[in-house]
Amino acid sequence: MINSKFAQMVKIKYPIIQGGMARIADSSLAAAVSNAGGLGIITGNAPVEWVREEIRKAKKLTDKPFGVNIMLLGETAEAVAKMVCEEGVKVVTTGAGNPGKYIDMWKEYDIKVIPVVASVALAKRMERAGVDAVIAEGCESGGHVGELTTMALVPQVVDAVSIPVIAAGGIGDGRGVAAAFMLGVDGIQVGTRFLVAHECIVPEAYKQKVLHAKDIDTQVTGRPTGHPVRVLRNKLTRQFQLLEKEGAPIEKYEELGRGALSRAVVDGDVDNGSVMAGQISGLVCKEQSCEEIIQEMFSEAEKHISRVEKMFGIE
Ligand code: TUI
């Protein structure tokens, strides 16, 4: 049993959160992660009635806690933020912004609030606003990214706040888990490795693109828009690169990016779609169930921690 304040707080066995991947994280993935002892997350970056249905389906698929991710740049963020209160969701994670205006409402409904932060300043602000934990996400992660790496961001956030910190970005196996705990966190969040889970609904072409990716195969697109997004390189990223070279106006990025995520996730078009995935894709090489992924990551972590203890003369 891992003695984690965060795991106790949200009543889970393994202190692992599944990333709230937009268009991807549905009830089947979230329930599989929760049934395996982690904290499954349903994406809230979707029409509010779709999210409500997924919450209801997840309740049928698992009796364990799960959460909803509110992507604050998403069109439905406000409506989903209110709906999760009606549906009795226990945990909310947020991304891509400051969830300050919703925190009091969520606390009234006894929801555990866990925002993603990409800086020490936001982590401190969130602690003062009364959140229960923060996820410090480095720019190794897939999707919307901040500036700092996990290695640099996480220990600085750990030093700055007293609430539990969860590390995210670049964690894909037991070594990543062990390393994250060495940085002082109380839990981890994983996205990319769950993309290839049996219970993950992305098309097989998306999974194969992640499984075959090498270390250098991700790229951050859309920096000039102020919303940089890490994806796997393809025809689309080359077009984004051309726009950057030309110094194209923001509208051109918006035009190219429109519908790009659903082209990849719904149509399985991994050449022209936005294949969001983290830098750890190069390490992800097999499809497994969520249970196998979680079991393997934590049992490997234990071995690596023992190995280092021996190395340091600690028995
Ligand atoms: O949110 C994410 N990752 C995401 S969201 C997403 S959906 C999307 N769809 C189409 C285009 C673009 C995105 C895909 N991936 N991760 C959490 C995260 N939040 N990473 C970084 C941040 C972050 C960055 C700056 C959070 C707060 C912040 O500052 C806010 C402030 O006000 O200081």
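The values are calculated or read from the model by the stated rules, or taken from the named source; none is laboratory data. These numbers were taken from a predicted model, which means no experiment stands behind them. We place every Cβ from the backbone using ideal geometry, glycine too, and count neighbours over all the protein chains shown.
Could you identify the single residue in G88, G37 that is at positive phi, in contact (Cβ under 8 Å) with a residue 60 or more places away in the chain and away from the ligand (no atom under 15 Å from the Cβ)? Before the answer, list the steps.
Values: G88 fails: in contact (Cβ under 8 Å) with a residue 60 or more places away in the chain.
Just a single option satisfies the conditions, and that option is G37.
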Checklist outcome for this item: Given (1) surrounded by 19 or more Cβ atoms within 10 Å (Cβ to Cβ); (2) among the acidic types (D, E); (3) farther than 30 Å from K303 by Cα, E251 misses just (1)
Checklist outcome for this item: Filtering the stretch 147-160 down to residues that are surrounded by fewer than 20 Cβ atoms within 10 Å (Cβ to Cβ) and touching a helix residue (DSSP H, G or I) at 6+ places or on another chain (Cβ under 7 Å) yields Q156, A160
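Just to check your reading of the model, which residue among V80, V116, V131 is outside any helix (DSSP H, G or I), of a type in the set (V, I, T), more than 12 Å from the ligand (Cβ to nearest atom) and assigned by the TED database to the domain that holds R23? Spell out how you get there, then give the answer.
Details: V80 fails: outside any helix (DSSP H, G or I); V116 fails: more than 12 Å from the ligand (Cβ to nearest atom).
Criteria check complete, one pass: V131.
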Next on the checklist: For a quick check of your reading: which helices (runs of 4 or more DSSP H) sit entirely within the stretch 166-234 and have at least 3 residues that are away from the ligand (no atom under 14 Å from the Cβ) and more than 16 Å from the chain's Cα centre (by Cα)?
Outcome noted: 174-182, 204-211
Item to check | Every residue from the stretch 86-131 that is within 21 Å of the chain's Cα centre (by Cα) and hydroxyl-bearing (S, T, Y) | outcome: T93, T94, Y102, S119
Checklist entry - Within the stretch 134-156, how many residues are more than 12 Å from the ligand (Cβ to nearest atom) and part of a helix (DSSP H, G or I)? => result 5
Checklist outcome for this item: I24 meets each of (1) surrounded by fewer than 24 Cβ atoms within 10 Å (Cβ to Cβ); (2) hydrophobic (A, V, I, L, M, F, W, C); (3) in a helix (DSSP H, G or I); (4) in contact (Cβ under 8 Å) with a residue 24 or more places away in the chain with one exception, condition (3)
Item to check | Flag for G67 being within 16 Å of the ligand (Cβ to nearest atom), touching a strand residue (DSSP E or B) at 6+ places or on another chain (Cβ under 6 Å) and either outside any strand (DSSP E or B) or closer than 17 Å to A129 by Cα (or both) | outcome: no
